[in-house]
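Accompanying notes for the structure given below.
The values are calculated or read from the model by the stated rules, or taken from the named source; none is laboratory data. Computed from a predicted structure; not experimentally measured. Keep in mind that these areas ignore ligands, DNA and RNA; they rest on the heavy atoms of the full protein, side chains included. Shrake-Rupley method; radii C 1.70, N 1.55, O 1.52, S 1.80 Å.
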Amino acid sequence: MSLRLYNTLTKKKEEFLPLEPGKVGIYVCGVTAYDLCHIGHARSAVVFDVICRYLKYKGYDVTYVKNFTDVDDKIIAKAIAEGTEISDISERYIREHNEDMDSLGVARPTVAPKATENIKGMIRLIDTLMEKGLAYVVDGDVYYSVEGFKGYGKLSGRGLEDMMAGARIDIDEKKKNPFDFVLWKSSKEGEPWWSSPWGNGRPGWHIECSVMSQRFLGDTFDIHGGGEDLVFPHHENEIAQSEGASGKPFARYWMHNGFIKIDSEKMSKSLGNTMSIKDVLTLYHPEVVRFFILQRHYKSYIDFSDAAMAEARSGMERLYTALKGIKDAIGGDRDLSDLSEKDLSGEDESVFDKLAELKPKFAEAMDDDFNTPRALGYLFDAVRLINGYLPKDAVISRGSLFILNEGRDCIREVGKVLGLLLEEPDDYFGKDRERELKKLGIDVGEVERIIDERQKARGAKNWGRADELRDILAAKGIVLKDTPTSTTWKIG
RNA sequence: GGCGGCAUAGCCAAGUGGCUAAGGCAGCGGUCUGCAAAACCGUUAUUCACCGGUUCGAGUCCGGUUGCCGCCUCCA
């Protein structure tokens, strides 16, 4: 089956044909390490994590490069404000970033290079651009000359004339063209610097990605990704730098993830309404966050809100409840290795056949530009099929056991590609409960005392008192579940 | 001002030319229960912003209208 993906460069869905059969090189623009990561970073990370997981699932040998920008105006400003070195700032936030990504179940990239480790490469690349007449020096600053690169604007779909017509950028006297961008900046007093043929200074923002992608993936590579906001100018400038220098095509497929809004408003640093990953994870299980992200197609924007997250949590609960149901039905240590399709009766066989469709359908959805919402839909279809097969009493046939076991394997396999359903159901619900208790400020001891009292009332068939106590707990958001012998509870 | 995107049930969201318009959440009905809840099962859009066109056939293609949004400035 062939993978098709939407290419920002051609504005079409295209069949994905890697440069080298069986191998994929992918570069994604990482973060600037000067602050905590927010849920927007989480989306980008989860989206490309799932893309890489699926490519590996399809058998590709994936090289995934995601950089850290560790020299930048904002990092410098923060270092000055705190009276420390920029490396202290960047190292701190790289550490925080990695911690957040680990929490979210985002696999580490194959390589995570830092800009400051690649200054020499940047100087070399700028030198090449100088030689080719694509760059010029003004007062120790080096600029890229966009007029010298005829493909400028091909990714963002705007010609230089269009942009001039709607120019909303400051006119800089130093630049030949307002869209020329800086490759190398001379350093001011107190700023970090590296020596270069153009004097002491530091790199511009765009040059690092051209250098690091080339270093680890070559002049031409398969996929370049990032947030949609990076299309212009960042990615446009990368193309200008890389293709201008090498004369070869740069990335062959460009993929851009949509933004996260918060309560229908754009989330951005300038608006100050960002939500950090750490904050989100105190409120929701990481898989709920992933589920929330994957329930929408990666290209469209999604709206973060408490209500939307609560829905995602309900969705995850349905999936884990099914896994728990299977586990309970099968029992702890039962050996299922002797079961086979031979144990299926006629009716079982049709259910089994439907269940077997899960994996091919999942692959079909993912092959269609990573359609995770549709893929999740198939996962829920399989769950419904299995739920209908859970035994009503303690007796369970060999055929049912076989179906439940196979069904669980299918669900888990598909879930794993999405980074979901990786936990044992009891662990998932345990962590979820802990989080909810904290969120609602509920005292477990008190809850259990009230439940005990209610059990006594129930034993005495004092239904009025029992219902009253149940209502008290319900007001706290606690939902009771009575069984013939006991009462369990959860957060509603 | 320039460039681009979106509009599908109460909410979220797939579907981009053709069997009954996925799935989730919420709602409703049922099973269960002392009654509930939870869980499960079932059910919920003759219709895809509006108008016109192409076609044997359109939510899906084309043109127009309206509304919302993004990028053009650091941003994932």
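Points to keep in mind about this one:
- Accessible area per residue in Å² at 1.4 Å probe, computed on segment A:150-284: 46
- Under-5 Å amide H pairs with A:Phe304, H placed in peptide plane, nonlocal only: A:Lys261, A:Ile262, A:Asp263, A:Ser264
- Span from the segment A:281-353 Cα centroid across to the segment A:172-200 one, whole angstrom: 53
- Nonlocal Lys pairs with alpha-carbon distance under 30 Å, segment A:234-360 (8 or more apart, or different chains): 19
- Computed log10 I(q)/I(0) for chain A at 0.09 Å⁻¹: -0.74, from the Debye equation with unit scatterers placed on every C-alpha and solvent omitted.
- Nonlocal amide H pairs with A:Ser268, under 5 Å, H built at 1.01 Å: A:Asn273, A:Thr274
- Compared with the dominant principal axis of the Cα atoms in chain A, helix A:398-418 is inclined by about 20°.
- Nonlocal amide H pairs with A:Asp141, under 5 Å, H built at 1.01 Å: A:Ser186
- Spatially proximal aspartates and glutamates relative to A:Lys175 (Cα-Cα < 15 Å; intrachain offsets below 8 disregarded): A:Asp139, A:Asp141, A:Glu147
- Of all DSSP bridge pairs formed entirely within chain A, close to 50 percent run antiparallel.
- Here the mean projected area of the convex hull built on the C-alpha positions of segment A:428-492 is 4.3 nm².
- Degrees, to the nearest 10: A:444-459 long Cα axis against longest axis of chain A: 20
- Entry for segment A:22-65 at q = 0.34 Å⁻¹: log10 I(q)/I(0) = -1.21, Debye formula applied to identical alpha-carbon scatterers, no solvent contribution.
- Average accessible surface area per residue within segment A:411-451, 1.4 Å rolling probe, Å²: 51
- Rh (Kirkwood; distinct C-alpha pairs) - segment A:195-351, Å: 20.7
- Accessible area of segment A:20-162 belonging to carbon and sulfur atoms, whole % at 1.4 Å probe: 46
- Part-to-part distance (alpha-carbon centres) for segment A:439-473 and segment A:222-273, which is given in Å: 55
- Rg ratio (alpha-carbon, reference 2.2 N^0.38 Å) - segment A:1-134: 1.25
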